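Read the figures in this text as sums done on the coordinates, not as results from a lab. No experiment lies behind these values; they were computed from the predicted model shown. Glycine gets a Cβ as well: all are built from the backbone with ideal geometry, and neighbour counts include every protein chain shown.
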Amino acid sequence: MPGDRLRRVNEAVRQVLSDAITQDLKDPRVGFVTVTGVEVSPDLRHARVFVSVLGDDAARDGSLAGLGAAHGFLQRRIAAELRLKNTPTLGFRIDDSIERGMRISELIDRELGS
């Protein structure tokens, strides 16, 4: 599969999941979750979904548990909205790149300020 097509599939899956999580998911464990990225395997059988969760470690763990429980619902949404040969199995992972970026920014500010 060409790189451009896989990139478009990644973005389309990210968009469907973002909409489904923010608008249709009613699980109280899922807090303020942002889908930051999706990596679909070339055979479209697996997808790693990277999410950013606002809150502490307990909120993150709860949100991951809620997303895992909603796996079937979210996978059906992908199947219904996208015409793919295979509907990928979803695996959710915490994306801590925003926190790392904030930490680096703090360090730079501290160095420039002193």
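Normalised by the number of residues in the chain, the mean separation of alpha-carbon contacts (under 8 Å, six or more apart) gives a relative contact order of 27 percent.
Once the Cβ-Cβ distance of PHE32 and ARG76 is raised to the sixth power relative to R0 = 22 Å, the FRET efficiency obtained is 0.40.
Helices in the chain, meaning DSSP H runs of at least 4 residues, each add -39500 (n - 2.57). Divided by all residues, the mean residue ellipticity at 222 nm is -16500 deg cm²/dmol.
The modelled label-to-label distance between GLU11 and ASP24, using points 7 Å beyond Cα along the C-beta direction, is 2.2 nm. Simple rule: put +1 on each Lys or Arg Cβ and -1 on each Asp or Glu Cβ in the chain, find the dipole, and look at ILE21, GLY3, SER63; the Cα lying farthest toward the positive end is GLY3. So how far, in whole Å, is the C-alpha centre of segment 12-36 from the one of segment 51-95? The distance from the Cα centre of segment 12-36 to that of segment 51-95 comes to 7 Å. Temperature 10 °C, viscosity 1.306 mPa s: under these conditions the Stokes-Einstein estimate for segment 1-50, based on its Kirkwood radius over C-alpha pairs, is 136 µm² per second.
The simple Förster model, with R0 at 25 Å and r as the Cβ-Cβ distance, assigns ASP4 and ILE98 a FRET efficiency of 0.40.
Between the labelled values (i) 16.2, 57; (ii) 14.6, 53; (iii) 14.6, 48, the entry that holds Rg and Dmax of the Cα atoms in Å as derived from this structure is (i).
For ALA70, neighbours were defined as the other residues whose beta-carbon sits under 11 Å from its Cβ, and their charges (Lys and Arg +1, Asp and Glu -1) total +2.
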